[in-house]
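The values are calculated or read from the model by the stated rules, or taken from the named source; none is laboratory data. These numbers come from a predicted model, not from an experiment. Virtual Cβ from ideal backbone geometry, glycine too; neighbours counted across all protein chains shown. Accessible surface areas use protein heavy atoms only, side chains included; no ligands, DNA or RNA. Shrake-Rupley method; radii C 1.70, N 1.55, O 1.52, S 1.80 Å.
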Amino acid sequence: MLSLGGTATLENSSKSVSQYSLGASLAQDDSELAISTTDKFNLFKLSFGHTISPKYEVAAEASYNREKSSVSMATGLKYVTDNATVKAKTDNLGTLSLAYIAKIDSSTKLTMSTSANVKELEKGQKFGIAITLDQP
């Protein structure tokens, strides 16, 4: 399936367009390819996701910032069990992020996450924890 979309923000006071973006994606079976441009065509992204099995998914993204002339890349994976999900992501800057999402019961979810730049561990790491309570 091919999907296309875009946005634009018109400022009434100045009668000018302040933001605009475009995107397209192609999804087929267990894979999706997407391309987008945002921030007035300054940021371009190409991403690919693939479901290997009901338990495993992988993804990759490359982006180019025209204003900064910089390229960034990231890869990620997701593993799902009956009561938990584990996610991992790394990028070309050395950032490694991990998340563990556990389903405690039908209305409670626990999320624990961490992120660190493995090239600069002396600068510290980020940790997070969240509990989500849904009404049954």
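Tabulated data
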item: GNM top mover of G76, G94, G49 - the chain, alpha-carbon springs below 10 Å; result: G94
item: Order of exposure, largest accessible area first, which applies to K68, K78 with probe 1.4 Å; result: K68, K78
item: Computed accessible area, T51, all protein chains, 1.4 angstrom probe, square angstrom; result: 50
item: Surface accessible to a 1.4 Å probe, per residue, for the residues of the chain, Å²; result: 74
item: Charge context of I101, other residues only, Cβ under 12 angstrom, K/R +1, D/E -1; result: +4
item: Computed label-point distance, nm, for sites A130 and D30 using a 7 Å Cα→Cβ extension; result: 2.8
item: Computed accessible area, F44, all protein chains, 1.4 angstrom probe, square angstrom; result: 80
item: Dipole of the chain, positive end: most advanced residue of Y20, T108, T81 [Cβ charges, Cα centre]; result: Y20
item: Accessible area, probe 1.4 Å, largest first, for residues S69, S36; result: S69, S36
item: Between the range 1-34 and the range 65-136, the Cα center-to-center distance that results, in Å; result: 26
item: Point-charge dipole on Cβ atoms (K/R +1, D/E -1) for the chain, about Cα centre, debye to 20; result: 320
item: Coordinate range along principal axes, alpha carbons of the chain, Å, largest first; result: 51, 42, 34
item: 13 Å Cα-Cα reach of K40 towards aspartates and glutamates, excluding residues that sit fewer than 8 places from it in its own chain; result: E67
